[in-house]
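For reference, the structure discussed in these notes is given below.
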Amino acid sequence: MIVRFGTPTGSALGYLAEGFVHLLPFRSIGEFARTDGAWSWSESTRRSLGTFDPRELELLAPVDDYMEVWGAGVTYLRSLEAREEESESSRDIYSRVYDAPRPELFFKGLGWRAGGSGSVVTLRTDSYNCVPEPELALLVSPTGAIAGLTVCNDLTARDIESENPLYLPQAKIWLGSCILGPGIVPTREISDPYALEITMSIVRGSDTVFEGSSNTARLRRRLDELALAALRDQPQPNGFLLSTGTPIVPPWEFALAAGDTVSITIESVGTLSHSIGLPDHAPSTDLRP
């Protein structure tokens with residue numbers, strides 16, 4: 001697994017293996033992405049670059065500050081069913097997206113807005129029903145190759161989206177609404193990305209208040225299809241991150257609250273865990289019903 005960590009002069013990349021982080025000869029996630037995920041090193045190179053104890057490192061979200069993060073929606077049947085349940089006035093919109101040749105794609109934010117594993121993020125202050133969306137995310141190279149995989153929590157204010165699908169950007173984008181990590185697993189190390197178990201648990205106090213599981217086998221669209229669609233007519237010279245949609249949706253009566261801990265595990269990719277904190281500001285106008 002490739003991890004990004006803080007240094008006195010910025011950030012660096014290392015490869016986490018056998019309990020140690022081995023420094024990589026890449027200065028950024030984008031530089032690794034530009035290799036299309038193809039890289040190798042000799043044992044002598046590994047020794048010369050340096051080795052660290054991960055417990056002594058500040059691990060960061062595996063995305064460069066000015067790398068774009070995008071999302072895909074309604075790519076699993078469960079997501080379609082949930083969107084239809086939540087949006088009685090526009091149910092057909094989601095079924096048309098699920099069956100359409102063109103996937104739903106939306107901008108999630110720049111890398112500096114993303115939280116990493118172990119971070120504390122806040123919810124939208126004008127929403128009363130924010131939920132986690134556990135997703136497999138892709139590191140896509142400038143050529144459209146899938147260089148690696150990571151875990152994403154695509155936090156969503158579903159009450160805002162349910163009011164009107166045109167509110168999707170407000171439902172999806174705020175500081176901390178995207179959490180990525182713990183690192184990037186090169187695609188070549190995953191035997192079958194369409195057979196990965198996804199699990200999510202949410203702990204509140206000492207109680208587990210939600211658990212769910214699914215599998216990427218239920219993904220309707222191909223990963224390369226999503227990557228190439230996101231690249232169409234918008235070059236990404238440093239690559240980008242693309243989250244591929246969620247197969248796990250909590251019931252409508254559930255909403256995240258300050259103090260909750262969310263843990264998402266994707267088989268062979270890793271575990272992303274973070275907590276929900278209190279916002280340090282209040283909305284200037286409360287738009288809640």
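The values are calculated or read from the model by the stated rules, or taken from the named source; none is laboratory data. Keep in mind that this is a model prediction, so the values were computed, not measured. Methodologically, a virtual Cβ is constructed for each residue, glycine included, from the backbone with ideal geometry; neighbour enumeration extends over all protein chains shown.
Within the range 126-157, being acidic (Asp, Glu) and over 8 Å from the mean Cα position of the chain (by Cα) holds for 126, 133.
Does residue 185 qualify as being in contact with a strand residue (DSSP E or B) (Cβ under 9 Å, 6 or more places away or on another chain), at pLDDT 95 or above, under 20 Å from residue 16 (Cβ atoms) and surrounded by fewer than 24 Cβ atoms within 10 Å (Cβ to Cβ)?
Working: in contact with a strand residue (DSSP E or B) (Cβ under 9 Å, 6 or more places away or on another chain): yes; at pLDDT 95 or above: yes; under 20 Å from residue 16 (Cβ atoms): yes; surrounded by fewer than 24 Cβ atoms within 10 Å (Cβ to Cβ): yes.
Spelling it out, residue 185 is indeed in contact with a strand residue (DSSP E or B) (Cβ under 9 Å, 6 or more places away or on another chain), at pLDDT 95 or above, under 20 Å from residue 16 (Cβ atoms) and surrounded by fewer than 24 Cβ atoms within 10 Å (Cβ to Cβ).
Among the residues here, residue 162 qualifies as among the small types (Gly, Ala, Ser), assigned by TED's automatic domain parsing to the domain that holds residue 252 and modelled with pLDDT under 95. Before we move on, is residue 27 at pLDDT 90 or above, over 16 Å from residue 150 (Cβ atoms) and surrounded by fewer than 23 Cβ atoms within 10 Å (Cβ to Cβ)? Taking the combined requirement at face value, the residue does not satisfy it.
Just checking, which of 242, 231, 272 is crowded, with 19+ Cβ neighbours inside 10 Å and farther than 19 Å from residue 180 by Cα?
On the way: 242 fails: farther than 19 Å from residue 180 by Cα; 272 fails: farther than 19 Å from residue 180 by Cα.
Going through 242, 231, 272 in turn, the sole match is 231.
Residue 188 passes every criterion in (1) outside any loop (DSSP other than H, G, I, E, B); (2) under 23 Å from residue 157 (Cα atoms) apart from (2).
I'd like the full set of residues that are among the basic types (Lys, Arg) and either under 15 Å from residue 139 (Cα atoms) or crowded, with 22+ Cβ neighbours inside 10 Å (or both), limited to the range 208-228. 222 - this is the single residue of the range 208-228 that is among the basic types (Lys, Arg) and either under 15 Å from residue 139 (Cα atoms) or crowded, with 22+ Cβ neighbours inside 10 Å (or both).
In this structure, is residue 141 among the polar types (S, T, N, Q) and over 20 Å from residue 103 (Cβ atoms)? It would help to see each step written out before you state the result.
Values: among the polar types (S, T, N, Q): yes; over 20 Å from residue 103 (Cβ atoms): no.
In short, no.
For the range 199-254, taking the residues that are among the hydroxyl-bearing types (Ser, Thr, Tyr) and not in a strand (DSSP E or B), the one that is farthest from residue 31 (Cα to Cα) is identified as 206. For the range 18-40, the set of residues classified as in contact with an Asp or Glu (Cβ under 7 Å, 6 or more places away or on another chain) and of a type in the set (Val, Ile, Thr) consists of 29 only.
Could you tell me whether the range 39-47 includes any residue that is modelled with pLDDT of 90 or more and of a type in the set (Phe, Trp, Tyr)? Spell out how you get there, then give the answer.
Keep residues of the range 39-47 that are modelled with pLDDT of 90 or more, which gives none.
No, the conditions are met nowhere in the range 39-47.
Is one or more of the residues making up the range 188-197 closer than 28 Å to residue 93 by Cα and buried (at least 24 other Cβ atoms within 10 Å of the Cβ)?
Restricting attention to the range 188-197, the residues satisfying the condition of being closer than 28 Å to residue 93 by Cα are 194.
Still in the list and also buried (at least 24 other Cβ atoms within 10 Å of the Cβ): none.
Scanning the range 188-197 turns up no residue that is closer than 28 Å to residue 93 by Cα and buried (at least 24 other Cβ atoms within 10 Å of the Cβ).
When you scan the range 205-235, how many residues do you find that are among the β-branched types (Val, Ile, Thr) and closer than 25 Å to residue 99 by Cα? The number of residues fulfilling the criteria is 1.
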